[in-house]
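Single-structure report; data block below.
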Amino acid sequence: MSEHGLDKRQFGHRARLALSPACELKADAQAHAARTMWNLLHAWWQMMPKEKRTLASADAAIRQARKDIDFLAVLPAQAAQAVLKTYFQAWKNCWDGRSDAPNFKCRLRSVMSVDIPQGRDLNIVRVHRRWGMANIPKVGRVRFRWTKDLPVGKHSDQENRITGARLVKDALGWHIAFRVQILESRPGPHQGPEVGIDVGVTVPLALSDGSTKNHGEWLTKQEQSKLLRLEQRAAQRKQHRKPGTRTSRRLHHTYDQIAGLRAKAKRRALDWQHQTTTAIAQQYGTVVVEALTITNMVKSARGTVELPGRNVAQKSGLNRSITGEAWGRTVTMLTYKTAQYGGTLRKVPAPNTSRRCSTCGFITPGSRENQATFVCKNPDCGWSGNADHNAARNVLHLYRMGLALIPAAGRAVVRRAKRVKPAAAR
């Protein structure tokens, strides 16, 4: 045990599965059975009176359903129990105000997934530098991509182990998401410097020390051309489909190809975000970001019939760019990664961070000559420099002044540090 003690940490790790066609059919059948089990539970819930909506009654109902309906037998009993627990937890989340009420799951729009509640059923073994093998109940022994060391074999015990997993299918195929629990040393205070971060579209992350974190296009030019052709083809085939008729196989195949390319772009974006946020968390002790309300920033400018919006097409393109950068996901990653390395993440008010001069502190009209350059119009200052770095320096300066946003009763409030005198703060 270290001088800082030991803490239990739980995290998830997702790996790509290499399933044979027969195993893939079995996994698909289990996912459809799990979705059907959910829908049967929801129908049972709506029919039963309130006093009989208990966990024991629901358990008896699904056991009887597994006897009466043949294709539900492909779902392992533990996976069926996991569906039951997930459904009741969904209602608890609804009653606590954390989510909406559960509803029926559509075949085409719901995510295909199967839960494996107990990790000891997996029997994970590493067989190669890049591949491992796991046992999937009623599917068989399958291979998965080994990209992270997992507590298996001699490294597995009561404290360091895999507690369960979930099979998830997306546009790129089947994946397995492990639930991992490890015992690790509690990190000491991070001794790294403070840094302010300004997020943007042209420059994804601009740091107050003058560095930037950039990325290229998520898809190559050939993939972008292919995506454009597929979208045009889908639009043409959809145009010839009569209202009320079923979607053709060709159109479904085109949709699958489009979803595959978009999933590939998302996977590359996630990989860049993970690598970038890990590097920032390892280097800096305190990371300061803006408290942005992204949902308000990406609202449509279409307006109404009486008051139509202006520059609607330009605003739509900006909204797509903001959504593609996934600023909220970057902040979420920074939050838990800075804590993992002993650092902290702080949020400061966002207004005027891009319009204020980081040297003199004045806000003057016309200081942003263009998107990339900031020129202070104060006659006594006249500082000029990169606009993104100027905003990042302002973000860090607000934190050093003692301004920080902390959650309180569901809202963000400004907190002033004690080292700042009230007169100076005003």
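Arg416 satisfies every condition listed in (1) in contact with a strand residue (DSSP E or B) (Cβ under 8 Å, 6 or more places away or on another chain); (2) surrounded by fewer than 21 Cβ atoms within 10 Å (Cβ to Cβ); (3) modelled with pLDDT of 75 or more except (3). If you go through the stretch 77-115 and keep only what is over 22 Å from the mean Cα position of the chain (by Cα) and not in a helix (DSSP H, G or I), you end up with Asp96, Asn103, Phe104, Cys106, Arg107. Suppose the filter is among the acidic types (Asp, Glu), within 30 Å of Gln340 (Cβ to Cβ) and either part of a loop (DSSP other than H, G, I, E, B) or at pLDDT below 95 (or both); does Glu3 pass it? Judged against the criteria, Glu3 is a match. Against the criterion of being part of a strand (DSSP E or B), buried (at least 19 other Cβ atoms within 10 Å of the Cβ) and at pLDDT 90 or above, Ala177 does not qualify. With the condition kept exactly as written, say whether any residue in the stretch 365-383 is small (Gly, Ala, Ser), over 26 Å from Arg98 (Cα atoms), free of Cβ contacts under 8 Å to residues at least 24 places away in the same chain and exposed (fewer than 14 other Cβ atoms within 10 Å of the Cβ). The answer is yes, given that some residue of the stretch 365-383 is small (Gly, Ala, Ser), over 26 Å from Arg98 (Cα atoms), free of Cβ contacts under 8 Å to residues at least 24 places away in the same chain and exposed (fewer than 14 other Cβ atoms within 10 Å of the Cβ). Restricting Ala90, Ala27 to those that are within 24 Å of Gly173 (Cβ to Cβ), surrounded by 15 or more Cβ atoms within 10 Å (Cβ to Cβ) and of a type in the set (A, V, I, L, M) reduces the list to Ala27.
Restricting the stretch 242-278 to residues that are under 29 Å from Leu403 (Cα atoms) and touching a residue at least 60 places away in the same chain (Cβ under 8 Å), which is surrounded by the fewest Cβ atoms within 10 Å (Cβ to Cβ)? Here the answer is Thr276. For the stretch 126-167, the set of residues classified as assigned to a loop (DSSP other than H, G, I, E, B), over 25 Å from Asp7 (Cα atoms) and touching a strand residue (DSSP E or B) at 6+ places or on another chain (Cβ under 6 Å) consists of Val127, Trp146, listed by residue number.
Of the residues making up the stretch 255-276, at least one is closer than 22 Å to Thr332 by Cβ, modelled with pLDDT of 90 or more, β-branched (Val, Ile, Thr) and in contact with a Lys or Arg (Cβ under 7 Å, 6 or more places away or on another chain).
Listed here are the residues, each with its yes/no results for (1) part of a helix (DSSP H, G or I); (2) within 21 Å of Gln232 (Cα to Cα); (3) in the same structural domain as Leu403 (by TED's automatic domain parsing); (4) in contact with a strand residue (DSSP E or B) (Cβ under 9 Å, 6 or more places away or on another chain).
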{"residue": "Arg246", "(1), (2), (3), (4)": "no, yes, no, no"}
{"residue": "Arg250", "(1), (2), (3), (4)": "yes, yes, no, no"}
{"residue": "His253", "(1), (2), (3), (4)": "yes, yes, no, no"}
{"residue": "Ala265", "(1), (2), (3), (4)": "yes, yes, yes, no"}
{"residue": "Leu270", "(1), (2), (3), (4)": "yes, no, yes, no"}
{"residue": "Gln273", "(1), (2), (3), (4)": "yes, no, yes, no"}
{"residue": "Thr276", "(1), (2), (3), (4)": "yes, no, yes, yes"}
{"residue": "Ala281", "(1), (2), (3), (4)": "yes, no, yes, yes"}
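The residues of the stretch 61-87 that are exposed (fewer than 13 other Cβ atoms within 10 Å of the Cβ) and in contact with a helix residue (DSSP H, G or I) (Cβ under 7 Å, 6 or more places away or on another chain) amount to a single one, Phe71.
In the stretch 402-413, which residues are crowded, with 16+ Cβ neighbours inside 10 Å and either modelled with pLDDT of 85 or more or not in a strand (DSSP E or B) (or both)?
Of all residues in the stretch 402-413, those crowded, with 16+ Cβ neighbours inside 10 Å come to 402-405.
Residue satisfying the conditions is Gly402 alone.
Residue count for the stretch 310-333 under the criterion of being under 27 Å from Ile182 (Cβ atoms) and in contact (Cβ under 8 Å) with a residue 60 or more places away in the chain: the result is 2.
Applying the criterion of being touching a Gly at 6+ places or on another chain (Cβ under 6 Å) and either farther than 15 Å from Val331 by Cα or not assigned by TED's automatic domain parsing to the domain that holds Leu345 (or both) to the residues of the stretch 286-319, the residue that is surrounded by the most Cβ atoms within 10 Å (Cβ to Cβ) is Ala301. Take the conditions (1) outside any strand (DSSP E or B); (2) touching a Phe, Trp or Tyr at 6+ places or on another chain (Cβ under 8 Å); (3) under 30 Å from Gly132 (Cα atoms); Ala234 misses just one of them, which is (3).
Among the numbered conditions (1) under 27 Å from the mean Cα position of the chain (by Cα); (2) in a helix (DSSP H, G or I), the only one that Cys23 does not meet is (1).
Scanning the stretch 268-299 for residues that are out of contact with any Phe, Trp or Tyr (no Cβ under 6 Å at 6 or more places or on another chain) and more than 26 Å from Val348 (Cα to Cα) gives a single hit, Asp271.
Return the residues of the stretch 46-60 that are in a helix (DSSP H, G or I) and either surrounded by fewer than 16 Cβ atoms within 10 Å (Cβ to Cβ) or of a type in the set (Val, Ile, Thr) (or both); say none if nothing qualifies. Spell out the reasoning first.
Pass one, the stretch 46-60, residues in a helix (DSSP H, G or I): 46-47, 50-52, 55-60.
Those that are in a helix (DSSP H, G or I) and either surrounded by fewer than 16 Cβ atoms within 10 Å (Cβ to Cβ) or of a type in the set (Val, Ile, Thr) (or both): Gln46, Met47, Lys50, Glu51, Lys52, Leu55, Ala56, Ser57, Asp59, Ala60.
The values are calculated or read from the model by the stated rules, or taken from the named source; none is laboratory data. Keep in mind the model is a prediction, meaning the values are calculated, not measured. Cβ sites come from the backbone with ideal geometry, for glycine too, and all protein chains shown count toward neighbours.
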